[in-house]
Amino acid sequence: MTDKKIRVLVAKPGLDGHDRGAKVVARALRDAGMEVIYTGLRQTPEMIAEAALQEDVDVVGLSILSGAHMALTPRVMELLKSNGQTNVKVFIGGIIPDEDLSRLKEMGVTGVYGPGASTEDIIRDIKIATAG
Amino acid sequence: MTSSQAILNGDRLALARLLTRVENDSPDGRATLIELFPHTGKAHLIGVTGAPGTGKSSLVNQLALHYRKAEDKRVAIVAVDPSSPFTGGAVLGDRVRMRDLSGDPNVFIRSMASRGSLGGLAQATANVVQVFDAAGFDIVIVETVGAGQSEVDIARLAHTTLVVEAPGLGDDIQAIKAGILEIADILVVNKADRPGVENTEKSLKSMLELAHPTARVFKHHGTYMSVSMPEPNQNVNLWIPPIQKTISTEGKGIPELVAAIARHVEHLRSSGDWTLRERTRLEVELEALIRDALMTRFHEDVPASQYEDVLEKVVQRNISPWEAVRMLLNGRLK
């Protein structure tokens, strides 16, 4: 019997083409023993929700550097919910102004990480959020 | 509604969740597999293997697109990528090349980490394929990890195995080595717009001619004589793997490849190989299950402390591994 692996979808919604951050996080999560499904650039919320469903992930990580997080995040949350994936935890990394933090949390986002966040923190938070 | 009924009714969330339970080999996953087994055996299983970077994922993407658009078949894709041998983690990146398929409810893509398995597939891949088969997908495409020379498990699982090559990856010695090329039902030379494609094709062709000689030519008293090889048994019609050239980023050569796959299915059906392959595959699965069951029973039977004692004696070179086996099995598992 294999022990349960944490499965994480790392996706980059929106139009900016900077995926270095997403790749660094994907690599760090891999090194923490997680299975990371990497979907690449310019994903629509529909594509992200579909991949999250097919891959039955525990966590969706969104990397958003374009400033469109207040438009993209609610749509992803809504689609996850309508697909029945209410147990999926959503994390966001990118350039997120402080004033948006509480609104993102209200939407049900579990964690938000800006520039300089440490990958150890992200790994710890994912492990806590998916435990039990 | 039970999990198996939900799967048979086309519930995608139930399907995704079952795949996880099957991948983790959980008891309820197994129970559902038992219920689904009678519904399997209908899908055409296509294996896609080859060295890393030959373009397997892009090719799978194009194949699936073609099956959707030209034949309206339901397509499932199982994409296996390696797990880290150190941390057990994995980055599964095959979906990056399959974005054309998103938004189509008749396509289902599932990424799997190899989780320590060495044959190019994961332990649970065969079971995951069975779930898709039962769920009514007409075509199940399995993409292996970027395989080297001996990751040949896929040939036992798939009805049709495609081995993908690309120009510039090796000379003709690579082509006559045993292993991955031998398992090909169809050889695909992808990236056929790259320089060197003629050489790749030529060496694959000569490899195939060595493997399937139809006549031997030799010199006798100064004249060339040709002796036909013994007629193959009429019941066994021989399949010679075709070489298909593709440029998967542009979709070139895909209809021809799909036609070759169809010819292979036709051959399997008419020669009786389809049934034979099914039988072999199920036998391999059965044997693996028996091995697992015996191991489990052995570990239940032998106290861990006794096992450790014997292992320690082997480490100390007091007894050999062969004697250790005899000691541990003595009186057990008759």
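The values are calculated or read from the model by the stated rules, or taken from the named source; none is laboratory data. Just so it is clear, the model here is predicted, and its values are computed rather than measured. With ideal geometry, Cβ positions are generated from the backbone for all residues, glycine too; neighbour counts draw on all protein chains shown.
Taking region A:14-69 as the range and being more than 8 Å from every other protein chain (Cβ to nearest Cβ), in contact (Cβ under 8 Å) with a residue 40 or more places away in the chain, over 19 Å from A:Ser82 (Cα atoms) and not in a helix (DSSP H, G or I) as the test, the residues that pass are A:Gly14, A:Leu15, A:Asp16, A:His18, A:Asp19, A:Ser63, A:Ile64, A:Leu65, A:Ser66, A:Ala68. All told, B:Pro85 meets the bar of being of a type outside the set (Gly, Ala, Ser) and at pLDDT below 90. Reported count of residues in region B:282-305, each being surrounded by 10 or more Cβ atoms within 10 Å (Cβ to Cβ), polar (S, T, N, Q) and modelled with pLDDT of 90 or more, is 0.
Per the conditions (1) crowded, with 18+ Cβ neighbours inside 10 Å; (2) closer than 30 Å to B:Val189 by Cα, the sole criterion not satisfied by B:Asp72 is (1). Anything in region B:24-50 that is aliphatic (A, V, I, L, M) and surrounded by fewer than 19 Cβ atoms within 10 Å (Cβ to Cβ)? List them, or say none. Matches in region B:24-50: B:Ala31, B:Ile34.
Give the residues of region A:81-108 that are part of a loop (DSSP other than H, G, I, E, B) and more than 17 Å from A:Gly61 (Cα to Cα), sorted by residue number.
A:Asn83, A:Gly84, A:Pro97, listed by residue number.
Can B:Val265 be described as surrounded by 11 or more Cβ atoms within 10 Å (Cβ to Cβ) and touching a Pro at 6+ places or on another chain (Cβ under 6 Å)? So B:Val265 fails the test. Among the residues of region B:111-133, at least one is over 22 Å from B:Leu289 (Cα atoms) and within 14 Å of another protein chain (Cβ to nearest Cβ).
So in region A:45-72, with the set limited to residues that are polar (S, T, N, Q) and touching an Asp or Glu at 6+ places or on another chain (Cβ under 9 Å), which one is surrounded by the most Cβ atoms within 10 Å (Cβ to Cβ)? By that ranking, first place goes to A:Ser63. For region B:247-254, the criterion of a residue being assigned by TED's automatic domain parsing to the domain that holds B:Asn190, assigned to a helix (DSSP H, G or I) and surrounded by 12 or more Cβ atoms within 10 Å (Cβ to Cβ) is satisfied by at least one position.
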